[in-house]
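**Q** Here's a structure for you.
Just so it is clear, none of the values below were taken in a lab; they were calculated from the coordinates. Only a predicted model underlies this, so the values are computations on that prediction, with no experimental measurement involved. Positions of Cβ are generated from backbone atoms using ideal geometry, with glycine treated the same way; all protein chains shown enter the neighbour counts.
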Amino acid sequence: MSDPNWWQHAVIYQVYPRSYQDNGHDGLGDLGGVTRRLPHIAALGVDAIWISPFFRSPMADMGYDVSDYCDVDPMFGTLADFDALIAEAHRLGLKIIIDQVLSHCSDQHPWFRESRSSRSNAKADWYVWADPKPDGTAPNNWLSIFGGPAWEWDGVRMQYYMHSFLTSQPDLNLHHPEVQTALLDVIRFWLDRGVDGFRLDAVNHYFHDAQLRDNPSRPPSDAHDVPETNPYGFQEHLYDKTQPENLDFLARLRGVLDAYPGRVALGEVGDGDRSPATVALYTAGDARLHCCYTFDLFGVRFDAGLIPEVFAQFGETAFAGKACWSFSNHDVVRHVSRWAQPGDDPVALAKLAIHLLVALKGPVCLYQGEELGLPEADIAFEDLRDPYGIRFWPAFKGRDGCRTPMIWEADAPYAGFSVAKPWLPVPAAHLPLAVDRQQDDPHSVLTAYRAAIALRRSHPALALGSITFLPQQGELLAFIRETAGERLLCLFNFGRKTATWEGEAARLTLPPFGFHIARG
Ligand code: BGC
């Protein structure tokens, strides 16, 4: 029997299947492709894979707009392909976490088609419908993250519906008990198919204020949930999301999961400055979510003070290991590009980053391609596919720059991703970073990833020990990871100069972006 608390020290590798491996010769990655590349993932030494959505979808938001929660989109394959993937992953000792988008779905979902057909149908209240103001304008000031108001007019119902993301992604109304039941049935469907857990998309968007009160404005903030050029960040999101009713629903969801031992719920919380408080509530006790990730490490800030400050903001949640940490995912600029300054060595930076990540207390997520040290791709406007980027370009170029194809073989057409032209370009600058160039190179980023993950697996103090930050010395971050019988000193030089750490028992000199994890 595997450890039911495996998630507490898990290293989770995120696969964005559209860009991982095309097995179907159409320039789009698919589930068969992921299965084919499982040996690469297993060789990294990770515990689990989080697969971004592969469900039936019109793909307006690349699958985060689901039109059938219980089927695989033909673009990605079939349910049989998913069964084959999970069987092979389990054979290799890898767990499978799937992405569930429960706060909204596609406007092509049969539930929404029915809901919008009249004000009296059986699903009339399954979405957030509201009358216009007397002057015809939207019911309140709520905004969509992807631009414009969070309300779209429907001429049949003569009402607006709410959408936190695209107009084609209507928000489900979880105040309605039947909606909750239908969504929990989806969760059961996938648990019965053998998944090991769920990454819950936009988990704090499940409920809205039933009175539809206006959000107040908010002063400038350091939160990284949306780019600063997005007016969504000008509001304090008191009413359009993160409502107290969610706690009861999360408890129901946890009840469903607990009937299947060892399954995990990892929530995505985008709640601006309130994210730490929200994560604390969502992970309190053993009755809601197991853990959550936020956008707190997705900024451009990269210095020795960042991690201790974020841990201080999260408090007990972080020190108890319920915050999940990551530096990159499919929504943000790749961290090597985000953090590097001109003249920096990206290889050294990538190696420092992975050793820092595995040394943090709590589960961690990696994003495909970061194990190669891939930088963000620069995509021309005419090649953009992300509707968010197309809407806000050029001030914000969207998320395509981190979604380009995985780089397998430097000399193969399209880097071995596909034999057909991929849906996003393969940047020439990525080719020398291919897996086949790095896997036998002892100095490569890929080799450093394998070593760092192996280090975490072989040291109980890194996996589950306490974390204690030591006083910062210049650009040196120092902390202790400790468990019964093992005490590790973890040191990281965020500076661009050699630095010496003066410890009680020893002095240690680290090169720029150098690190040291050892007994001490
Ligand atoms: C996902 C995004 C997606 C959005 C809407 C998220 O936070 O990570 O990729 O566009 O939810 O579903």
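**Q** What is the order of Y414, Y449, Y160, fewest Cβ neighbours within 10 Å to most?
**A** Y414, Y160, Y449
**Q** Sticking with this one: Which ³J(HN,Hα) values, rounded to whole Hz and listed in residue order, are derived for segment 88-103 from phi using the Karplus coefficients 6.51, -1.76 and 1.60 in 6.51 cos²θ - 1.76 cosθ + 1.60 with θ = phi - 60°, glycine and proline given as x?
**A** Running phi through 6.51 cos²θ - 1.76 cosθ + 1.60 with θ = phi - 60° gives 5, 4, 4, 4, 8, x, 10, 8, 10, 10, 10, 8, 10, 10, 9, 7 Hz.
**Q** Counting other C-beta atoms within 10 Å, which of T483, T181, T404, T317 has the fewest, and how do the rest follow?
**A** Ranked by crowding around the Cβ, least crowded first: T181, T483, T317, T404.
**Q** Is there a quick way to get the dipole size of the chain? I mean about its Cα centre, with the Cβ of Lys and Arg at +1 and of Asp and Glu at -1; what is the value in debye to the nearest 20?
**A** Here the size comes out at about 860 debye.
**Q** Provide the net charge surrounding R496, with neighbours chosen by a C-beta distance below 14 Å and charges set as Lys +1, Arg +1, Asp -1, Glu -1.
**A** Taking every Cβ under 14 Å from that of R496, the sum is -3.
**Q** When all C-alpha to C-alpha distances in segment 465-519 are sorted into bins of 5 Å, what percent of pairs does each bin hold, rounded to whole numbers?
**A** The percentages, shortest bin first, are 5, 21, 32, 23, 13, 6, 1, 0.
**Q** May I ask you to evaluate 6.51 cos²θ - 1.76 cosθ + 1.60, the Karplus curve with θ = phi - 60°, for each residue of segment 190-205 and list the ³J(HN,Hα) values in order in whole Hz, giving x for glycine and proline?
**A** Residue by residue, segment 190-205 yields 7, 4, 5, 7, x, 5, 9, x, 9, 9, 9, 4, 6, 5, 8, 9 Hz.
**Q** Let me ask you something else. For segment 12-74 and segment 448-496, what is the separation of their Cα centres, given in Å?
**A** Between the Cα centres of segment 12-74 and segment 448-496 lies a distance of 32 Å.
**Q** Using the Karplus equation 6.51 cos²θ - 1.76 cosθ + 1.60 (θ = phi - 60°), what ³J(HN,Hα) coupling, rounded to whole Hz, does each residue of segment 350-363 give in order, writing x for Gly and Pro?
**A** Per residue, the Karplus-derived 3J(HN,Hα) values read 5, 5, 4, 4, 5, 5, 5, 4, 5, 8, 7, 6, x, x Hz.
**Q** Give the order of R519, R113 when sorted by the count of other beta carbons within 10 angstrom, beginning with the fewest.
**A** Ascending number of Cβ neighbours within 10 Å: R519, R113.
**Q** Mind scanning K397/K421; K351/K497; K133/K241; K95/K421; K95/K322; K241/K397 and naming the pairs with a C-alpha gap bigger than 24 Å?
**A** Too far apart for the 24 Å limit: K95/K421; K241/K397.
**Q** A further question follows. For a quick check: with amide H placed at 1.01 Å from N, whose amide H comes under 5 Å from M59's, ignoring anything fewer than 5 positions away on the same chain?
**A** Amide H neighbours of M59, under 5 Å, 5+ apart: D65.
**Q** Projected area of the chain, taken from the Cα convex hull and averaged over every viewing direction, in nm²?
**A** For the chain, the mean projected area of the Cα convex hull comes to 23.9 nm².
**Q** Only Cα pairs under 8 Å and at least 6 apart count here; give the relative contact order of segment 88-199 as a rounded whole percent.
**A** Normalised by residue count, the contact order of segment 88-199 is 30 percent.
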